[in-house]
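The values are calculated or read from the model by the stated rules, or taken from the named source; none is laboratory data. Every value quoted in this text rests on a predicted model; they were computed, and no experiment measured them. Cβ placement follows ideal geometry from the backbone for every residue including glycine, while neighbour counts extend to all protein chains displayed. Side chains included, ligands, DNA and RNA excluded: accessible areas come from the protein's heavy atoms. Shrake-Rupley method; radii C 1.70, N 1.55, O 1.52, S 1.80 Å.
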Amino acid sequence: MVSTGAGVSTESGVPAFRGIGGLWEDFRPEELATPEGFQRDPEKVWKWYDWRRQIIKQVEPNRGHKALVEMQSCFPRFFLFTQNIDGLHQRAGSKNVYELHGNIWRAQCMKEKIRFEFLQTPLDEIPPHCSCGSLIRPDVVWFGEPLPAEIMRTAWDVAANCDFFFMIGSSATVEPAASLAWIARENGGVVVEINEEATAVTEIANEFFLGKSGIILPALIDALKNHD
Ligand code: NAD
């Protein structure tokens, strides 16, 4: 089982939330990534998402994303969960990606609750509206909102039964995604962490690789392929 966070995409040029150059340095999360913030000022929230969509549109998957595609082909049972909303794992070629926090390239009608692909950026109309006239919102999970129940159940189940759990590029501060490493460890899984800094997971990790996922992951895959 692999669980990735914003750190996997920083080498592509997508800023993370926390750490140096993180998105929260200049913005307040409660204004931009909460249902209340959206209700208060949908224009402000959509401007921020449109800005992020323009950044993500211009970048490419990096060596870390590509190494995870190769890793998938090395194991008969391989599960990739991500907190990222940028879609870069899929663009790199990963299959069956479980998105814990939604996807920035989808939107949802606030009235009909229908989810749909929403690729236009920059937007003509901010905030954008559905053909039914209602406001639409990014199809992402905001602070205070529950994660998709079915995906979360699968994540819990896979974590409890995996042989190896890789936590890559996540500050391990956002629950419930952060708890998956503990579930894996308590159930006998080997926990491997890759990050540029120590996190709460480091204490329970069997192996901690300090550094960039775009460098460490390809090296790990090479080692895996050359091992009989
Ligand atoms: P986070 O911003 O809290 O932490 C990022 C972590 O990645 C840090 O611990 C940092 O040390 C590490 N890191 C940075 N560059 C790295 C690299 N090259 N190699 C390895 N590690 C590196 O990110 P998080 O834990 O994913 O936070 C969760 C929230 O952030 C989620 O809600 C997610 O949706 C959101 N988010 C997503 C994106 C994206 O889709 N790319 C970007 C920003 C935030």
With the other protein chains left in place, how much accessible area per residue, in square angstrom, belongs to the range 2-226 at a 1.4 angstrom probe?
50 Å²
With a 1.4 Å probe and all protein chains in place, put Lys225, Lys111, Lys212 in order of accessible area, largest first.
Lys111, Lys225, Lys212
Tell me whether the range 63-179 comes out rounded, prolate or oblate; compute the Cα gyration tensor, take square roots of the eigenvalues as a ≥ b ≥ c, and use a/c under 1.5 as the rounded threshold.
prolate
Per DSSP H run of n ≥ 4, the term is -39500 (n - 2.57); total these for the chain, divide by its residue number, and report the mean residue ellipticity at 222 nm rounded to 500 deg cm²/dmol.
-10000 deg cm²/dmol
Residue with peak Gaussian network fluctuation, the chain [Cα springs, cutoff 10 Å], from Ser213, Ser170, Ser94
Ser94
The chain: C-alpha gyration tensor shape, a/c 1.5 cut-off, then a/b vs b/c
prolate
Could you let me know the centre-to-centre spacing of the range 56-80 and the range 143-177, using Cα atoms, in angstrom?
18 Å
Can you pull the percent of the range 1-111's accessible area that's carbon plus sulfur, 1.4 Å probe, other chains left in place?
51 percent
Where both partners of a DSSP beta bridge lie in the range 2-226, what percent of those bridges are antiparallel, to the nearest 5?
30 percent
For Lys111, list the lysines whose Cα falls under 30 Å from its own Cα; do not include residues on the same chain fewer than 8 positions away.
Lys44, Lys47, Lys57
How tilted is helix 63-74 with respect to the longest principal axis of the chain? Cα atoms for both, answer in degrees (0 to 90, nearest 10).
60 degrees
Distance in nm between pseudo-label sites at Phe164 and Phe75 (7 Å out along the Cβ direction from Cα)
0.7 nm
Going by the alpha-carbon gyration tensor, a ≥ b ≥ c the square roots of its eigenvalues, is the range 138-180 rounded (a/c under 1.5) or, if a/c is not under 1.5, prolate (a/b greater than b/c) versus oblate?
oblate
With the alpha-carbon atoms as the only input, what is the per residue convex hull volume for the range 91-154 in Å³?
117 Å³
When only C-alpha pairs under 8 Å and at least 6 residues apart count, what is the relative contact order of the range 113-228, in percent?
17 percent
